[in-house]
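Heads up, the thing below is written out as structure tokens.
The values are calculated or read from the model by the stated rules, or taken from the named source; none is laboratory data. Just so it is clear, the model here is predicted, and its values are computed rather than measured. Because the Cβ atoms are built from the backbone with ideal geometry, glycine has one as well, and the counts that use them run over all protein chains shown.
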Ligand code: SF4
């Protein structure tokens, strides 16, 4: 099974604390780099190439999902209706109405591909169609990102088409192999409607009586296309919902393609690149970790039969040697130890030294090479400006006092790890307005001191899978709003924001009101080094808007502080990256594991020291 869900009864690790292959590789490349990205949560500049790779992969998967019996080559890219999803965002096992492929009539047989060339013509036109729309949606996503960098115009669309076509042609070779080699048993099973636990996404449900596209006699090209389809994440599914999670929950991964049409399991990683840089070393390790994961998620009863990296720009399929059982045993010990070191507890900066691994050299196609690399890891690192191995240092502010220029007033800065963002608040439900459209109810709570809070439910499902709003909630109930973001809105009213890490719990009427709504602190003064700026722009009914932000690092943590452009004041444009700043009257906001600061009109930014 390519998907293995966590067991909610025994999962004491949780979605946000599992180890992944990319974390292991980042740690091995440089522990300090891992620390900046995974502990301090610094986000690298989002250049278009990062989005292009996803667009190419998505176009390939969208094409694989379709059937040439149902979709004309020239049809629009959205001819399949979206896959019905369950509450968690996975294809809905219980959906009993028609599925997207069932909503389309079969094309007349004269339009069905009869040979390899017909199939190539159909599939290459489809992938081009899908690529155009996935590039468009990635462009939108890129342009909305607050760490957007580079120019979208630099994207080489012809190269993207070339890569997507190469990927599809690699798959068609697989279809041909299936046509020539599929066993009678597998063919008959498929014709009779056999489906695995997690079928390859094909716009159909989890169960079929007889496959609607089954033929008689020898296998046809159409059938080979259907039978050889690899498993991949349904492009309509919610991100990160189709993981394979280790039975002990401390490791997870999401495979790109899993071929299994002949009973042999092959995991493929798709790379929209040439494969001629250091990362090619990481991909090999990633696939070997996936082999380990597959073995463990199959009770150590099934090994993968093959591991491949498809370098689409080099038009090359690199075969990776799969690990032996002994190697997987050793890998398990090493990975679990690493999980204990990195995710079970959070290491501090001293435990993550700036020790970059040497750069590895590869020729196109991921072929190891002896050629010297042009740049060291530190020279190409996004964090060299703050890292002691680059031009930075480890001496960042730790709270402290700052005297405003021209004033006797002193401001006390709050260390980032002392910011209190979430609180448990007990109160009676004062108003409760249920939404007719199944959206979050509107709730206010009150305490005896006549204080009110607006409970804004932004997530209906908690990260533990339960509902954030208790069933049967009624006006007058005593509730505890657990771990809600405590905020003051622009009018000064108290807001308790409920996200996937918070929930409302009904409690006994004699429970004490332990925290007064008037007690938590809602505004903070944050002093630290500026690592980078963020910016988001858009247009609303009220006209153009712009939100700007700064990523601030101190000795105890890092936090992104955002606000409307007009609230930042003139010093925002004057500061240089690396400067030390203090920002006063910052509110707390965030989502799940990520806490952010919010500035308001009353907030002030002061440059304390220039880099
Ligand atoms: S600059 Fe070098 S040592 Fe520092 S984080 Fe980057 S790679 Fe690691």
Q: Please work out which one of (1) over 13 Å from residue 598 (Cβ atoms); (2) out of contact with any helix residue (DSSP H, G or I) (no Cβ under 7 Å at 6 or more places or on another chain) is the condition residue 557 fails and give its number.
A: (2)
Q.
Given the condition surrounded by 18 or more Cβ atoms within 10 Å (Cβ to Cβ) and either free of Cβ contacts under 8 Å to residues at least 60 places away in the same chain or within 16 Å of the ligand (Cβ to nearest atom) (or both), answer yes or no: does some residue in the stretch 390-411 qualify?
A. yes
**Q.** Among (1) touching a helix residue (DSSP H, G or I) at 6+ places or on another chain (Cβ under 9 Å); (2) over 30 Å from residue 220 (Cβ atoms); (3) away from the ligand (no atom under 16 Å from the Cβ); (4) not assigned by TED's automatic domain parsing to the domain that holds residue 226 - the single one residue 54 does not satisfy
**A.** (4)
Q: Considering every residue within the stretch 158-165, establish whether at least one is out of contact with any helix residue (DSSP H, G or I) (no Cβ under 6 Å at 6 or more places or on another chain), surrounded by 12 or more Cβ atoms within 10 Å (Cβ to Cβ) and farther than 30 Å from residue 2 by Cα.
A: yes
Q: Go through (1) part of a loop (DSSP other than H, G, I, E, B); (2) touching a residue at least 12 places away in the same chain (Cβ under 8 Å); (3) more than 25 Å from the chain's Cα centre (by Cα) one by one and return the number of the condition residue 199 breaks.
A: (3)
Q) Looking at residue 42, is it modelled with pLDDT of 95 or more, touching a strand residue (DSSP E or B) at 6+ places or on another chain (Cβ under 7 Å), within 16 Å of the ligand (Cβ to nearest atom) and over 27 Å from residue 200 (Cα atoms)? A) yes
Q. Would the stretch 462-471 turn up any residue that is at pLDDT below 90 and under 25 Å from residue 523 (Cβ atoms)?
A. no
Q: State all residues of the stretch 367-379 that are within 15 Å of the ligand (Cβ to nearest atom) and either surrounded by 15 or more Cβ atoms within 10 Å (Cβ to Cβ) or not assigned by TED's automatic domain parsing to the domain that holds residue 36 (or both); if no residue qualifies, say none.
A: 373, 377, 378
Q: Restrict the check to the stretch 303-313 and report whether at least one residue is within 16 Å of the ligand (Cβ to nearest atom), on the phi < 0 side of the Ramachandran plot, at pLDDT 95 or above and surrounded by 12 or more Cβ atoms within 10 Å (Cβ to Cβ).
A: no
